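Below is one structure; the comments refer to it alone.
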């Protein structure tokens, strides 16, 4: 092997920031951290859970909630607009009372 052409190799640990699992291995970088590993990833564990590292699910849920509230408000206004107006009493009934029926 030629001298001084290969990168330095370290005994390092890889740590999962989600579940805290630690592996010892060799790498050119020291003390690596990963967001998710095979011990806690839903694909490998078979669990049905949402892995949200950047707040995307929360942001989507907020948008969904605001959209649903806007749709409900529009439906309420539509119902209010389409509601029949109250019947006005007849001018004859106002003048002569309830006895006159046309």
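All of the numbers you see were taken from the coordinates with simple rules; none came from a lab. Predicted model, so just to flag it, every value in this text is computed and none were measured. All Cβ positions, glycine included, derive from the backbone under ideal geometry; neighbour counts span all protein chains shown.
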Tell me which label goes with the value of volume of the Cα convex hull per residue in Å³ computed from the coordinates here: [x] 214; [y] 231; [z] 72. [y]
Can you give me the relative contact order of the chain as a percent, contacts being Cα pairs under 8 Å and 6 or more apart? 15
If the chain between residue 58 and residue 31 were fully extended at 0.36 nm per residue, the gain over the current Cα-Cα distance would be 6.7 nm
For the chain, built as a Gaussian network whose Cα springs stay under 10 Å, the top-fluctuating residue of 32, 92, 64: 92
Given the options 39, 82, 31, which has the most mean-square fluctuation in a GNM of the chain, springs set between C-alpha atoms less than 10 angstrom apart? 82
Highest mean first, how do 11-19, 73-81 rank when packing is the count of other Cβ atoms within 10 Å averaged over residues? 11-19, 73-81
